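Nothing in this text is a laboratory measurement; each read-out follows from the coordinates by a stated rule. Just so we're clear, the structure is a prediction, and the values are computed from it rather than from any experiment. A quick note on method: Cβ atoms are made from the backbone with ideal geometry, for glycine too, and the neighbour counts reach across all protein chains shown.
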């Protein structure tokens, strides 16, 4: 019987269009993702084959989550079909056994659920044969990968999902409850993902993931491209445990369902009210009523009825709960700044979280309830009564719309309340209620308003509810996605679309808000027209053909509607015209495709001039006038150029900034080419510029902010918070920064592969004339006269010479104390300033008055950094060191000469109160201060390895400052994150990984992450003093030198000189090769000694590998010095215990054993416990120590072989 | 005031002719619309109740053009549809109050009293706080008449009101209807002949969209005087009788078919005269005889 029922179920579905549509959807998604780069499922593909086993299995894992709702549909039907179709009275009275029924339906539904998942294989297999794919990105079909995808992911996921949903469906016998169960499952999944995102909890997260997506990600975290192309994940290790666990959970659910299910009807609540026998209706006299109801009364009564209907509904409560469940934990965890830290729960962060996690649910509620409200009467079969009442259509419309609006506002209010509670629980009291109200009830509410009007319009015109929903959702999706391919950027066309408004504590939303108001007015008027149309076409009575509806609408369209409609229409057109004028006539609005095309054209036309010798800049003088209120700026520049080459120069090229109007005057040079579309100019020197000869160029640069724009193009100048570089002025030569960097874009616009850096040369002269940071200039002098409005402070590089007021404006004169790299920033805002002094250097932190929390920390870091660097590297030549806050339009910190701009949204709002948190503020300031030596005194030539001299050394410098402040032991957590980041990023390398000596400037994962680990390790091995000696040498030799600039060889050679002979292998391993280890502790035991101390024994296995560019590894013999050690149990509330033992041993075998003594019982022990070596799997370096008896331990007491 | 319908026609999009040149004159008092299922009664009712458009023809309620001045009609209308549902999770009192408000009855305290009185009159007062969805069929129908009657309508349309009610409930329902004032136009549509006989002063018979008869029930019955004959026969003979004679109706009595036949004289031996009733009129007209 059971096979028959299962087979019946499967046949039922094979005949249903729903199954094949689902399969088609999945196949199309995967087909699209595999064959093109426009569609992504689970992240972008890196350099692996498009049908690599890793890719196939990854799709299978992710599709499990995406097909959850499909599975719900199948399982719902299988479980509850007899109730929804009312056949249970027939089926359940046959001699059918409970077991056969349940298992048969369940297995049938489960097997059917697997079919859409097979769409992954279908999609990938088909995609291969499409004419537009590149054959070299595809390998031969590896069937085992497909099989493993099905066995490891599709079948167990289907089983698990079906088991839970089947249980819910068969016991609740209600479709809505089942869908809600699915929704809760999805939400729970998302919440757990957020809660378990800390790297420390990776393994638990992987085990607890029922779809095995995180499990797969963890298991393949460090796989290189080569491994991803050939290996596939089977049922082993963590994956096996995960599958067994969740299949077990599924089985438990089924057992529960089996015992609770019965064919009998559920006990009905006494539904029917008892009717007693009635006496004949007594003649009741009806009172007379004279007053007539006002429209307001009718409206209010209707609003109340509709609201009660919504709030008492199951769907509202469940979706609201799901939404809050998604949103509240997200807010509580607040922003992650990386390295496991969080930021303070500032209001704009919470608002962003609310928008990201709650609004999808809210839009779902609007979509659902708009339909419910319009179809309510017809669904309840009350329409014939209500439609024949004399209440006018517009009251019906207005009341329903108001009810929808009140529902939305209630949800917003709950979100607001939750946010306030969360802020209070963190002890953060800067609530900014005005910001909440503005964002939730004005900015965001307007979008919901538009959506509601549209939904009502569509439903009123639709012949039935389902067409209404379908058309509405389809419209929303098309409205969201169609404009980019059509190259349309204007918000005038995309329904309900308004300009993005970014909030900053510095400028509020001043730069964006004018545009927003106009666009909102525009769409509101449009929605007014839609609303009027909705009322005219309001469904009432039986709807006939369109001709009839049109006729009725015309009849209804009498005073006051024509006047209102005309008013709306005229205002709408006028507003649209005004917006068009501002956004496309006064300002330029370029479509997204056109923007990319312009960049490609720039490269195609002018790349040829990239290495053309050009005059260099010797000194600059700037006169800058900033006008914050109008967001404009004018600048005059006097630039001294000279010819540093031995041959005369005939041309000078300039790239100008597209956001500014630029005028260039050069004596003795004529303009021969002026490309106003691509912003490139060529001047001819007559006579040619002789070697050593100099000229003075004068530039005038003006910003072009007029009216308002659809999307603010120049966020560098704002009403409060201005930050721009000297790149707004004309830059000599070709600017590689303008090139397209996305390889897909590059292919699409025909610019080929991006050029990498020049190969490293040892003794270069001509090739090292330019540094990698700023071409065509070396060390320049600078003086700036900068003015701004009287309530702001303007800052330029150098010491403040003079400050004065003139003509209602405030002026500052700054002069650089020492020639520097031509890398200057200009800033202005209403700052608070904290000033201190260290050894004659003025330390200043400029910050927004509402962000005082971490300012002292920054100040401390400045002092400690200066102390360490001046002591160990060399003098600091500027008289000031400034940290300056800028608005959160960008999220970085940067180092200019003596000036370090720092974004509002990092550092200033970091939340560092847990003792185990890495003090990122301290670290970043130390890193940027490090750059004052490494980049602003010594800077690498423009070839491979340049960033080793700047970024890597800045990383190392910051690490040392941290270590001095927080101790060696705290380096553990930091290095762990750095190593994890490096290893993960390796698998995404698009070209080839370079060792540190020849690192490319794009390879941040090498020159930041790997360098941190490697340089710290080197310091551990040869000692801090030795490393610093080498660094001092480099500074002495190259700081502020004229070209040729140093290469990475300079650093490596210096380090080599300071390395003792037995450790010379390190230089090759760390800098010239890509070296990895695989160290693990097999077991760790301890024996208590009579004197109360402990003998600890560890068995370790160590392997060493060298990797090639694509990640293929070869094992090499071990001959290294590696640490061993043991830690105590962490104290309550801390993550890391104190160090009980640490020693360095020489390891030359793959297997070794070590014994040592500790004063107390260790918690864990092992090899390389501080993670100094780059390890494929860092977590198995140490193991938990087990206490054993004396006799067992004594036989193992062997010192290292 | 009377309702005058002139040449009303409606064809649905699928070709079905619902109303075919219907002309009726409906004075105040109880007016019965008699016809089998699918005759067009509900279409006509809905059109009068402003819920449906007609393709051609006109309707006047006194001076008001029903087709063009829908709002004016609605102010005077009470409508009990053939099938109606109720909003979930709302009590009888709240719903009736809301409907009364939408009908234009102002003054919340006065309206409350009116609602309570109406519920009392319909014997629903004891259940006024219960959810409407929990009402039995008879109670729901009584609620329907309560909402139709509230606000003193001048035109009351009741569409198949007693279908599905047991005899006790039917009686209760008609008692309510009888309380309606003399000056109100009440149009009662039904396929139950007895309802018309019992209640209506004027009637029309509708079949396939056409009016087959309009007038007083008594007059229609009188036309069949001495022309209806009855006889009990064997089941096997039924077919042959139907072929030979004009069989008006055939009902099982004590398990044997009992025929009414139309003719100027008894069709054969064994037939006795039968006093004609409205049912005979109904079936005769439907078949197009007389």
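The calculated FRET efficiency for residue A:235 paired with residue A:781, based on their beta-carbon distance and R0 = 60 Å, is about 0.30. In whole angstrom, how far apart do the alpha carbon centroids of the range A:927-944 and the range B:87-139 sit? Centre-to-centre distance over Cα atoms comes out at 83 Å.
Across every direction, the projection of the convex hull enclosing the Cα atoms of the range B:96-230 has a mean area of 10.8 nm². For the protein assembly as shown, the share of DSSP beta bridges that are antiparallel, to the nearest 5, is 80%.
For the range A:1035-1145, the Kirkwood radius over C-alpha pairs fed into Stokes-Einstein at 37 °C and 0.692 mPa s yields D = 179 µm² per second. Rounded to the nearest 0.05, the FRET efficiency derived from the C-beta distance between residue A:706 and residue A:672 at R0 = 41 Å is 0.85.
Here each label is just a point 7 Å from Cα along the line to Cβ, and for residue A:650 and residue A:741 those points are 3.6 nm apart. In terms of surrounding Cβ atoms within a 10 Å radius of their Cβ, A:159, A:2 rank from fewest to most as A:2, A:159. For the range A:806-879, dividing the convex hull volume of the Cα atoms by the residue count gives 127 Å³ per residue. For residue A:466 and residue A:1041, the difference between the fully extended length at 0.36 nm per residue and the C-alpha to C-alpha distance is 199.5 nm. Under Stokes-Einstein, with the Kirkwood radius over Cα pairs as Rh, the value for the range A:61-174 at 4 °C and 1.567 mPa s is 81 µm²/s. Per residue, the convex hull spanned by the alpha carbons of the range A:918-1013 comes to 88 Å³. Only bridges whose two residues both fall in the range A:859-984 count here: according to DSSP, what percent of them are antiparallel, nearest 5? Antiparallel bridges: around 25 percent, rounded to the nearest 5.
The fraction of Cα-Cα pairs per 10 angstrom bin, counted from 0 for the range A:503-543, comes to 25, 26, 21, 15, 9, 3 percent, rounded to whole percents. Spin-label pair residue B:163-residue A:761: with each label point 7 Å from Cα along the Cα-Cβ axis, the two points sit 9.8 nm from one another.
Hey, what D do you get for the protein assembly as shown in µm²/s if you plug the Kirkwood alpha-carbon radius into Stokes-Einstein at 10 °C and 1.306 mPa s? Roughly 40 µm²/s, to the nearest whole number.
Taking the square roots of 5 times each eigenvalue of the Cα gyration tensor of the range B:13-83, largest first, gives ellipsoid semi-axes of 20, 15, 13 Å. Shown is the FRET efficiency for residue A:296 and residue B:60, computed with R0 = 30 Å from the Cβ-Cβ distance and rounded to the nearest 0.05: 0.35. Globularity index of chain B is 1.13 (Cα radius of gyration / 2.2 N^0.38 Å, N = number of residues). In terms of other Cβ atoms within 10 Å, A:599, A:882, A:140 run from fewest to most in the order A:140, A:599, A:882. Short-range pairs are left out: with C-alpha atoms under 8 Å and at least six residues apart, the relative contact order of chain A is 7 percent.
Between helix A:546-556 and chain A, what is the angle of the helix's C-alpha long axis to the longest principal axis, kept within 0 to 90° and rounded to the nearest 10? In chain A, helix A:546-556 runs at an angle near 90 degrees to the longest axis.
Between helix A:971-986 and chain A there is an angle of about 70 degrees, using the helix long axis and the longest principal axis of the Cα atoms. With each label modelled as a point 7 angstrom along the Cα→C-beta vector, the residue A:1072-residue B:244 pair spans 12.6 nm.
The alpha carbons of the range B:180-241 give a radius of gyration and a Dmax of 16.3, 53 Å, in that order. Taking 0.36 nm per residue of sequence separation and removing the Cα-Cα distance, the residue A:543/residue A:431 pair yields an extension gain of 35.1 nm. Angle of helix A:2-14 to the longest C-alpha principal axis of chain A, folded into 0 to 90 degrees and rounded to 10: 80°. Shown for A:385, A:1067, A:21: other C-beta atoms within 10 Å of each C-beta, ranked fewest to most, produce the order A:21, A:1067, A:385. Semi-axes of the equivalent ellipsoid of the range A:455-561 are 35, 18, 11 Å, computed as sqrt(5λ) over the eigenvalues of the C-alpha gyration tensor in descending order. One chain, two ends: residue B:232 and residue B:265. Fully extended at 0.36 nm per residue, the span grows by 10.2 nm beyond their Cα-Cα distance. Under 20 Å from a point placed 7 Å out from the Cα of residue A:571 along the Cα-to-Cβ direction: which residues of the range A:509-552 have their backbone N that close? Label zone hits: A:514-536. Averaged over the residues of peptide A:375-382, the number of Cβ atoms from other protein chains lying within 10 Å of each residue's Cβ is 4. Adding -39500 (n - 2.57) for every DSSP H run of four residues or longer, then dividing by how many residues the protein assembly as shown holds, sets the calculated 222 nm ellipticity at -13000 deg cm²/dmol. Once you reduce the range A:567-620 and the range B:3-73 to the center of their Cα atoms, the two points are 66 Å from each other.
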